[in-house]
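> Here it is, the structure, as structure tokens.
The values are calculated or read from the model by the stated rules, or taken from the named source; none is laboratory data. Bear in mind that the values here come from a model prediction, so they are computed numbers and not experimental data. Cβ placement follows ideal geometry from the backbone for every residue including glycine, while neighbour counts extend to all protein chains displayed. Just the protein is used for accessible areas: all its heavy atoms, side chains included, with ligands, DNA and RNA removed. Shrake-Rupley method; radii C 1.70, N 1.55, O 1.52, S 1.80 Å.
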Amino acid sequence: MLQRKKYRLTAGATATALAGAAVIGGVTFAQASTKAAAPVSPVQIVVGPESEPGQPSNAQCPDGMGVLNGGFQSVTFSRSGGGDPYDGVTVNAPFKNGKGWVALLMTGKVRARAVCVPEAQAPQAVVGTVGDEAGDSVARCPEGTKAIAGGYVRETWYRNGYGESTDDIIANAPTQDGSGWYARQFHGKTVARALCS
């Protein structure tokens, strides 16, 4: 019988404590709030300006921040008279210094976007060598790091007599072992860029 009463007192005290305070033997014990404040994210998204046709858009990270990843949004994308696309995304990559993201269309308008984090958390930017025509360019990460993002910058880009794109990026990915980032064009030469951590 004593054990049952003790259990009831414990259960009652626990239920009261969860409500905010416990009253035991006429004495009130305050219950500390265990609800944690939501963490503040250090990530900042930066949207670059709308470019002029065939010109780059740069999304520059604020001072004290570096780029973690990025991408682009085409504002205009050139089409043929029949409506087929003939533009190309010729640049989509981190800055060489890792402080932002750049994007470029062959003829259209574009906006780059960058995911920026405090410099202490930002990966290291690495630039690959110029690939051969239709060959790979590889940006190798420093020893002990892996590629967590990357992109490419075209060195050459083929067009037909009407100015329409006849080239494209056919590889833009981490290497199979994760030790770098590689890119390849269908016809032209490209340069891979990696973000390593």
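> Considering only residues that are open to solvent by 60 Å² or more (accessible area, probe 1.4 Å), in a loop (DSSP other than H, G, I, E, B) and without any contact (Cβ under 8 Å) to a residue 24 or more places away in the chain, which ones fall in segment 57-107?
Within segment 57-107, Asp63, Gly81, Gly82, Asp84 qualify.
> Just give me the residues in segment 140-155 being part of a strand (DSSP E or B) and either closer than 18 Å to Ala103 by Cα or free of Cβ contacts under 8 Å to residues at least 40 places away in the same chain (or both), in sequence order.
Ala149, Gly150, Gly151, Tyr152, Val153, Arg154
> Would a scan of segment 127-135 turn up a residue that is of a type in the set (A, V, I, L, M), on the phi > 0 side of the Ramachandran plot and part of a loop (DSSP other than H, G, I, E, B)?
yes
> Name the residue that is most open to solvent (accessible area, probe 1.4 Å), counting only residues in segment 159-181 that are assigned to a loop (DSSP other than H, G, I, E, B) and farther than 17 Å from Ala194 by Cα.
The extreme case among them is Tyr162.
> Can I ask one more? Hey, could you check segment 42-56 for residues that are among the hydrophobic types (A, V, I, L, M, F, W, C) and not in a loop (DSSP other than H, G, I, E, B) and say which is most open to solvent (accessible area, probe 1.4 Å)?
The residue in question is Ile45.
> Report whether or not Ala114 is open to solvent by less than 10 Å² (accessible area, probe 1.4 Å), touching a strand residue (DSSP E or B) at 6+ places or on another chain (Cβ under 6 Å), outside any loop (DSSP other than H, G, I, E, B) and more than 21 Å from Ala139 (Cα to Cα).
no
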